[in-house]
Every structure is written in C-alpha cells, then in structure tokens.
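Everything on this sheet refers to the single structure shown next.
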Amino acid sequence: MKLAVSPGRPLMGIVSLPGDKSISHRAALFASLAEGESHIQNFLIAGVTRAMLQALAELEVTWSLQDTTLTIQGQGIMKRDIFSNPVNLYCGNSGTTMRLLAGGIAACGIPAILDGSSGLRRRPMKRIVEPLQAMGVPIQASPGYTAPLQIAARPQGPRLRPINYTLPIASAQVKSCLLLAALGADGPTVLREPGPSRDHTEIMLRSMGVSIIKDQQPTGDPGGIYHQTRISPPASLRLSPLNILIPGDFSSAAFLIVAATITPGSEINLIGVGLNPTRTGLLDALQSMGADIQVRNKRESHGEPLGDLLVRYAPLRGTRISGSLVIRAIDEIPVLAIAAAFARGKTIVSQADELRHKESNRIGDLSRELHQLGIEIEETQDGFIINGGQDLRGGTVTPHGDHRLAMALAVAGLAARDTIVIDGAEIISESFPEFSASLRDLGAAMHIEQ
Ligand code: S3P
C-alpha cells in the first residue's frame, strides 16, 4: 500500500491516543500469569499486540475483547504440566512479544518454539538467551543467536536459579524477560543496566504484589551509574489480577507532536498521553530545539503518569542527543530526525548504536531514505548528523518494513516542498492503525494509492 502525504495544510483539533504498546503487551501477558480475572481498558489493538494475544491463545489462556477492553482469565504461574509437547508461538514482527513471552514461559516451565517474521528472525536474541541459560532455562537459539528459539520442557523439581546480572545494554525487553523468568526462581534476582530503560514492568508487577526495589549503583567508572532492579518472587507464586486503564501511547503521540511542530499554523491537543519519564526523552529534545509544547492536566493511572499535550507550530534549532536521552527516546529517534531536518543548524545523535537492531536499521535505512528526500544527513558509527533547515523535496520512499520509519517519513510529507509517497505503508498498522485517520481528522492531506 502506498500512502501519499502532501504539504500545505495546518493541523488543528483534538486527538485521543490508542493505548500504549509496551503497557498493552505487559498487561496481556502478566494478567495471563495472574490468578483470577483481569480487566484492561484502552488496550492497543494493532498488529503487534494481536501477535501477543494469539500466542496467549496458543497457551490456552482465555481472553475476550470488547471494543478496547480486554478481559483475561489468568492461569497462574507454574502450570507447566498441561503441555507435554512444545507449543508453537508465532510472534509476527514483535520483538516485545518474543522476548517477554520467553521470560514468562521460562517461569512456567512450558516447552515452546518461538518464531516470527523474517524481520524478527534477524533481530538479536543472545541478549536474552545467555542470561536465561544462566538461570537454568533450557533454551536454545538458532545459529547466530536468532529466532526461532526453542525452550525444552523443564521437569517438575527445582525452581530456576536467581541471577545477579549486568545487562550489556539498557533494554526494557531484556530486563522484562529476566524479571518474568525471575518469578520462577527460588530467590531474589538483581539486574543492572547502564541506562534508564522503561519501567512499565516494574510498575505493573508491583501492583500485582511482587516486591521490586529500584536504585542506582556506581559502576566504578568516574560518574558512571547502573540502574539496578531487585525482584523477590512472591513465596506463594501468586500474582493479583489487574484492573487498569492503559494511558495513550507516547510513542504514537510523538508523530503527531512532531507533525504539529513542523507544520506552520498548527495547534493540536493530544488527550490522555502516557508521560512516564522513561519514555518522554523526545519532549526534552524538542523543547531544547525550541518547540512549543505545554503539558496539562497531569494525572496518574495505576502508577503510570499521563497528561494532555498542547502542541503549536514553532521554528526549531538543532540539538545534541546522546546518553540517557537516547534511551528515553529510543523509539522516537526516527521522528526526531524529521524535526531535525526542519530545524536550523546541526543535530547530532550519538551513542545510539542500538538503533541498528530495531525493526529496521534505524541509522542506515533512515539515513538512506532521508538522503533520498534531499536531507543533508551523515551516518556515523553510533548515530547520525543532520544539517537541517533545507527544503525537503518530495518523492517515493520505503520504510524497510518498519512502522516507525513509515510514520516518520509520512510526517515529513506534511512540511516538504512536494508530496512524499511511502511505499509499504501498511506496516503502520503494526503499532498505530489510526495514524492516517488521526492526521486526516486534524486536517492533513493524505491519501492511499493502491
Ligand atoms: C520495548 C522496549 C524497547 C522499545 C520497544 C518496546 C518494551 O526495546 O524499542 O519498541 O516494550 O519493552 P529495547 O528494550 O530492546 O530497547
């Protein structure tokens, strides 16, 4: 499917965002491990969360959806005996589904084969396989430490080994996988990360009765700190069910925030957006570039902060993004690159090598597509440098099978010199199926060419 986006119309109006992708994944999986019935409102219905729900159905979890309310009958942890043969779990394009499910299954001792699309099969799995093996999980990856992953049945008997482990990179998917596996261990597990990855797992597991302590520890290098998470599995092995309202997805809101910021004359209101500080690095980056964004009606839903955002067009200047800001904006770097392209001066993104391992190579592929649109971009080993402020020409670009690249490139079309066509735009429905409709409602000129 081709999506054509044309410039020249200001964005005006109000949008409520669909539920957060990371929290939706966790809510569905954790509720399945709880004992009793969970109710989850504003659940994200999109390609990646459908993969999670389908996998849970294969694991004989009963769930039902009414509009965006998901009801789940929890099975409890350690119901390993009902599966004698490996369960085939297809995770589609969803790294979160594969990595979090691997941890949950490890805690339960269920034999399984986890596989996914050709894109998912390219993504690195050593980061979960090695620490899971250290915990005693019988897991094997395919050559090159990729999916499919095979988890063998674990006979009844000793629980998993707790670990004291330093993650080589800050990753919420890896941390969450290991925290879930740690629920099946016979003592507290301690994980250290070099940066502040999103903490939705910790917030949700605590609300389900699990003891989790977060603190910071010196690394031994001058000024260096580890973000440490210590989990003690409940002695009863029971998790309480959930009754939650999921905040709107900040990562989806990000596209609308940048869209209004770069499109002259725009003024939009985004309602009920999740504002967990481990996710909102983009706000800090845009504010340092001169963006006009006001946070209003700050509130909380089940431990997760949220609020409304008023975003107006503003001329931007270049900035520097590195360190913990990269981690707090890890999924927003593609759309931040679009803001940088419209900003006066240089934007330098560094220490962001992890972007090469997302749904596409978000350094190489992004640089190629932006170059195609006439943006002066230099790919570096761990990021890129954009010399912004030039006119963006129109043209046809490809998102390389990456939903966030597709949406970022579409946003560029709103303020380019000519129409931008995204060839392969169907991938957007993986995380934000309402993307085009929301922008059209705000006044954008977008249409689908088959
Ligand atoms: C996610 C964590 C991030 C992010 C992904 C969702 C999560 O990945 O890029 O879209 O829900 O935990 P990493 O943890 O691998 O950085």
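The values are calculated or read from the model by the stated rules, or taken from the named source; none is laboratory data. Note that the coordinates shown come from a computational prediction; the quantities given were computed from them, not determined experimentally. Ideal geometry is used to build each Cβ from the backbone, glycine not excepted, and the neighbour counts take in all protein chains shown. SASA here: full protein model, heavy atoms, side chains in, ligands and nucleic acids out. Shrake-Rupley method; radii C 1.70, N 1.55, O 1.52, S 1.80 Å.
Listing for the model above:
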{"read-out": "Carbon plus sulfur fraction of accessible area for the stretch 209-343, probe 1.4 Å, in percent", "value": "49"}
{"read-out": "Viscosity 1.567 mPa s, 4 °C: Kirkwood-radius Stokes-Einstein D of the stretch 6-84 over Cα pairs, µm²/s", "value": "92"}
{"read-out": "Antiparallel content of DSSP bridges confined to the chain, in %, to 5", "value": "75"}
{"read-out": "Share of carbon and sulfur in the accessible heavy-atom surface of the stretch 11-169 [1.4 Å probe, %]", "value": "50"}
{"read-out": "Too-long pairs where the Cα-Cα distance tops 23 Å, listed order kept, from K126/K358; K298/K346; K175/K214", "value": "K298/K346"}
{"read-out": "Using alpha carbons only: equivalent-ellipsoid semi-axes of the stretch 195-238, gyration tensor based, whole Å", "value": "26, 11, 5"}
{"read-out": "q = 0.14 Å⁻¹: log10 I(q)/I(0) that the Debye formula gives for the chain, counting C-alpha atoms only", "value": "-1.32"}
{"read-out": "Most fluctuating residue given options L65, L373, L283, as computed from a GNM of the chain linking Cα atoms under 10 Å", "value": "L65"}
{"read-out": "Cα radius of gyration and Dmax for the stretch 287-340 (Å)", "value": "13.2, 37"}
{"read-out": "Over the stretch 258-361: Kirkwood hydrodynamic radius from C-alpha pairwise inverse distances, Å", "value": "14.3"}
{"read-out": "Heavy-atom surface of the chain, accessible at 1.4 Å and reported per residue (Å²)", "value": "37"}
{"read-out": "Percent of Cα pairs exceeding the 17 Å cut-off, where the set is the stretch 312-373", "value": "40"}
{"read-out": "Relative contact order [Cα under 8 Å, 6+ residues apart], the chain, whole percent", "value": "20"}
{"read-out": "Residue of P264, P399, P168 that the Gaussian network model of the chain assigns the largest fluctuation, springs spanning Cα pairs under 10 Å", "value": "P168"}
{"read-out": "Within-10-Å neighbourhood charge of S142 [Cβ basis; K, R +1; D, E -1]", "value": "0"}
{"read-out": "Debye log10 I(q)/I(0) for the stretch 302-450, one point scatterer per Cα, at q = 0.15, 0.16, 0.17, 0.19 Å⁻¹", "value": "-0.78, -0.90, -1.01, -1.26"}
{"read-out": "CD proxy at 222 nm, helix term only [per DSSP H run n ≥ 4: -39500 (n - 2.57); per residue of the chain; nearest 500]", "value": "-8500 deg cm²/dmol"}
{"read-out": "Charge sum, other residues only, whose C-beta stays under 11 Å from R206's C-beta, Lys/Arg counted +1 and Asp/Glu -1", "value": "-1"}
{"read-out": "Under the Debye formula (equal points on every Cα, no solvent term), log10 I(q)/I(0) of the stretch 178-220 at q = 0.20, 0.24, 0.30, 0.34 Å⁻¹", "value": "-0.72, -0.99, -1.32, -1.43"}
{"read-out": "Whether the stretch 191-312 is rounded, prolate or oblate, judged on the alpha carbon gyration tensor where a/c under 1.5 counts as rounded", "value": "oblate"}
{"read-out": "Alpha-carbon centroid distance for the pair the stretch 204-234 / the stretch 124-151, whole angstrom", "value": "24"}
{"read-out": "The stretch 92-232: radius of gyration over Cα atoms, expressed as a fraction of 2.2 N^0.38 Å", "value": "1.03"}
{"read-out": "Rg to Rh quotient for the stretch 363-450, alpha carbon positions, Kirkwood Rh", "value": "0.97"}
{"read-out": "Using distinct alpha-carbon pairs, which all enter the 1/r mean, Kirkwood radius of the stretch 1-133 in Å", "value": "16.3"}
{"read-out": "Candidates A437, A172, A31: whichever shows maximal mean-square fluctuation once the chain is modelled as a Gaussian network with Cα springs under 10 Å", "value": "A437"}
